[in-house]
1. Work from the charge dipole of the chain (Cβ charges, +1 for Lys and Arg, -1 for Asp and Glu, about the Cα centre) and give the residue of Ala222, Thr60, Ser416 farthest towards its positive end.
2. Relative to the Cα centre, what is the charge dipole magnitude of the chain, using +1 at the beta carbon of each Lys and Arg, -1 at the beta carbon of each Asp and Glu, and rounding to the nearest 20 debye?
3. Taking the simple approach of a point 7 Å from Cα along Cα-to-Cβ for both Arg422 and Trp256, what is their distance in nm?
4. Give the residues of segment 99-123 whose amide nitrogen is closer than 19 Å to a point set 7 Å from the Cα of Trp67 in the direction of its Cβ.
5. Dipole of segment 207-256, Cα-centred, from +1 at each Lys and Arg C-beta and -1 at each Asp and Glu C-beta, to the nearest 20 debye?
6. So what is the calculated 222 nm ellipticity per residue for the chain, using -39500 (n - 2.57) for each DSSP H run with n of 4 or more, over all residues, to the nearest 500 deg cm²/dmol?
7. Return the long-range amide H neighbours of Ala205 (sequence gap of 5 or more, or a different chain), with a cut-off of under 5 Å between placed amide H atoms.
8. Is there a quick way to get the dipole size of segment 192-332? I mean about its Cα centre, with the Cβ of Lys and Arg at +1 and of Asp and Glu at -1; what is the value in debye to the nearest 20?
Amino acid sequence: MLWPWASRWVGFRAEVRMGFPTGRRLFVLAAAVVVLVVVTAATVYRVLAPAEVSTPAAGTYPTAPAWDPAPGVIARLPAAPLVVDGRIRVYAAQRQVYADLPVTHQHRSTPYWSYRRWPAELVGVVASGHTVVTRWSDGRIVTLDGRTGRVTWQAEGPVPERDAAARYTGATSVWNPDGLFVSPAEGTEVVLSAGGGALAGWDLADGQRLWRSEVGEGCHRAVGTTTAGGLVSVDSCGAEATVDVRDAATGRVDRWRPPGASTTLAATPLGCHAGRSGCAGLRTAAGPGDDAARGWLFGDGEPVAAPVLDRTDTVLAGGIAVGTLDGVLVGRDARTGAERWRREDVDGARVLAAEPDRVHLVTDRNDLVTLDSANGDQRSRFVLTLGTDGTSWAPGATYAVDGYLAVERLRVPVASEADDQRYFFTSRPVLLAAT
């Protein structure tokens, strides 16, 4: 009987004598490992490599804007819609922008077109006419033809400084995107992007970059554009904060310091055509929650004081300041302060949103009341509900353009820090209405 160590020695010598088969097995094993690594690497690259996928429209673009629908709730949607060209609805997902139609469809339908990028995330969407402008987390600007969904041009732009805390409706990205605007300028329109210590502008038609300005990172914030073609930003990088208005076409800057401004300054655009683009006025304050806020109107020179816009519960709609005065809703000329109209039959209603020609109010029972901003006449009134959902909810983010109004519905009591399931009223929390 061999000792254990002797048995192992005999086995080892036998393997040596049979070295060729053993070496062949090792070679085959090594080759298989190499093939597996190559296949795995190729798969990982295909999955993770930067890519974009464009799925153009398969249907026919409507020849005219949606027919003028009767006032009322049109749709109940899971995502926040951006009404584009009066013909399609555009939505934002984490890494995708997509559209459906028609605007008046009661539900979200199969995408009319879609565009996806990886690994960048979608951070903002704006529109002008039939052109959809998107901004991504790597700073890239991609414009698409809303009629076809095809990319018209792309450009590298400033990288966003902060990640937006977006909920699944995508409302932040499409209704109030940070650092992305469209502005008229000298017979054309300009796409404007801000972030990462820079501001830049491109011609909307062909993507030609018109200008770029380097600014302080983390202390310079774009807040909106004016009806006259200016990009408004707050510069708090120096000893005294200023409001900067840059010409959208050239980037030339005019600086203005509101009376009483200190090292900090908050600015809120007013009377905007859509989102924060095409705004007629501004409200400034030393900081959020400041009771000494002051309202201003944009003009040819420096902003002009408009005391009727000082109160934070007052909105600007087509040159009319709309707010409550002694408990009564009143419309006053924004420049002169002269009263234009008053409504004593909407007690308890608060302003939900404003457009240049109308103002939208919501009552305690969630009735939507829309008034003509020029004379205060009622344009429509109906309950904000569809189906059997009821009205026991609180309004969240709101968007209004071209007579359409969309609003998020939140579960009561509102829990701002809760997850989406607790935060929203239903799985389809967005209502779209015609007013």
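1. Of the listed residues, the answer is Thr60.
2. On the way: 44 positive and 47 negative charges, 479 e Å.
Value, rounded to 20: 2300 debye.
3. 4.4 nm
4. Answer for this model: 101-107.
5. Working: 6 positive and 7 negative charges, 43 e Å.
Its charge dipole is roughly 200 debye.
6. -4000 deg cm²/dmol
7. Glu189
8. Dipole of segment 192-332, to the nearest 20 debye: 120 debye.
The values are calculated or read from the model by the stated rules, or taken from the named source; none is laboratory data. Source: prediction; values computed, not measured. All Cβ positions, even for glycine, are placed from backbone atoms using ideal geometry, and neighbour counts span all protein chains on display. These area figures cover heavy atoms from the full protein model, side chains too; ligands, DNA and RNA do not enter into them. Shrake-Rupley method; radii C 1.70, N 1.55, O 1.52, S 1.80 Å.
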